[in-house]
Amino acid sequence: MPAQSAAQLWQNFNETTATNGASYQTRWFGDQKKPAEVQALTEAILAGIKTATTTPLDAYTAEQVAIPQVGDYNVLLDGDMKPVAILKTVVSELIPFYRISAEHAYHEADGDRSIGNWRELKTQAFTPDLEAHGHVLNADTPMVSEVFELVYRAD
């Protein structure tokens, strides 16, 4: 039975593993205003298809949010903003946009999973927010490239 809250899911996880006092943040993937998008990305993560993500560094600095670090835990929320799993960050690197690898793009599981399609999709997705903060997406735009693993499921 799924946990009723992120705190309950975290407690359940802690009863099965030694997190050594680690804490967690809640997290979802996609636009929270588009629950179907969030749900589709959540399902891809739960199926083991999506294991990576990329975010412009500007998104973290503009929102004053901490950049993911190796060892961070996140309670994954679904399209209804309900906790469904726990993710652990295993890689977090700052990389220029055009240095994101084809392998990383494949593990993000967007579009046809190719680097060319990934660049097209990410250009469309990142450009409006970057421009809103007075930046332009180019080959050298710093990106936070993250790989995560699913370490616990609510079901």
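The values are calculated or read from the model by the stated rules, or taken from the named source; none is laboratory data. Because the structure is predicted, anything quoted here is derived from the model rather than measured. Cβ: placed from backbone, ideal geometry, glycine included. Neighbour counts: every protein chain shown. All accessible areas refer to the heavy atoms of the entire protein, side chains included, with ligands and DNA or RNA removed. Shrake-Rupley method; radii C 1.70, N 1.55, O 1.52, S 1.80 Å.
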For this session: May I ask you to give the percent of accessible area on the range 85-155 that is carbon plus sulfur, with a probe radius of 1.4 Å?
Result: 50 percent
For this session: Jot down the per residue volume, in cubic angstrom and as a whole number, of the convex hull over the alpha-carbon atoms of the chain.
Result: 111 Å³
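Give me the dipole magnitude in Debye, nearest 20, for the chain about the Cα centre, with unit charges on the beta carbon: positive for Lys and Arg, negative for Asp and Glu.
Numbers: 11 positive and 21 negative charges, 37 e Å.
About 180 debye.
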Seminar exercise, completed: Shape call for the range 1-84, from the Cα gyration tensor axes a ≥ b ≥ c (a/c under 1.5 means rounded, otherwise prolate when a/b beats b/c, else oblate), comes out oblate
Seminar exercise, completed: With x for Gly and Pro, the residue-by-residue ³J(HN,Hα) of the range 139-146, computed from phi through the Karplus equation 6.51 cos²θ - 1.76 cosθ + 1.60 at θ = phi - 60° and given in whole Hz, is 4, 9, 4, x, 10, 8, 9, 10
For this session: Please give the per residue accessible area of the chain, computed with a probe of 1.4 Å over protein heavy atoms only, in Å².
Result: 56 Å²
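Counting pairs of alpha carbon atoms under 8 Å apart in space and at least six apart in sequence, what relative contact order in percent does the range 66-107 give? Don't skip to the end; give the middle numbers.
On the way: 36 pairs, mean separation 14.3, N = 42.
After rounding, I find 34 percent.
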Problem set entry | In sequence order, calculated HN-Hα J values of the range 149-155 (Karplus, 6.51, -1.76, 1.60; Hz; x Gly/Pro) | 10, 7, 10, 6, 10, 5, 8
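Take peptides 110-117, 62-69 and line them up by average Cβ neighbours within 10 Å, highest first, as a rough protection proxy. Could you put the intermediate results ahead of the total?
Numbers: 110-117: 13.9, 62-69: 12.1.
Highest to lowest by the protection proxy: 110-117, 62-69.
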